[in-house]
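The values are calculated or read from the model by the stated rules, or taken from the named source; none is laboratory data. Only a predicted model underlies this, so the values are computations on that prediction, with no experimental measurement involved. Counting neighbours? That spans all protein chains shown, and the Cβs are built from the backbone with ideal geometry, glycine included.
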């Protein structure tokens, strides 16, 4: 894993609710504070490599369970901005 990937993964594991809400506004994604809190809890508890497609899919399934499939797709849009 290169340094850029390490930085992105570290940022995701330390993301705050405010950070996530800020990104959601920046990328025009509707997510409530409660949903953001749940997503942040998952990101902090489930250490993943966001660049690993299978790990990302697993994370997005967890996010879809606590929010909605649409929110999970939108969160994946944000992940794509970080990884491409």
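Things worth noting here:
- Residues that are in a helix (DSSP H, G or I) and either at pLDDT below 90 or closer than 22 Å to residue 84 by Cβ (or both) within region 17-34 comprise 19, 20, 22, 23, 24, 25, 26, listed in sequence order.
- Across region 47-84, the number of residues qualifying as in contact with a helix residue (DSSP H, G or I) (Cβ under 9 Å, 6 or more places away or on another chain), closer than 21 Å to residue 5 by Cα and not in a helix (DSSP H, G or I) comes to 5.
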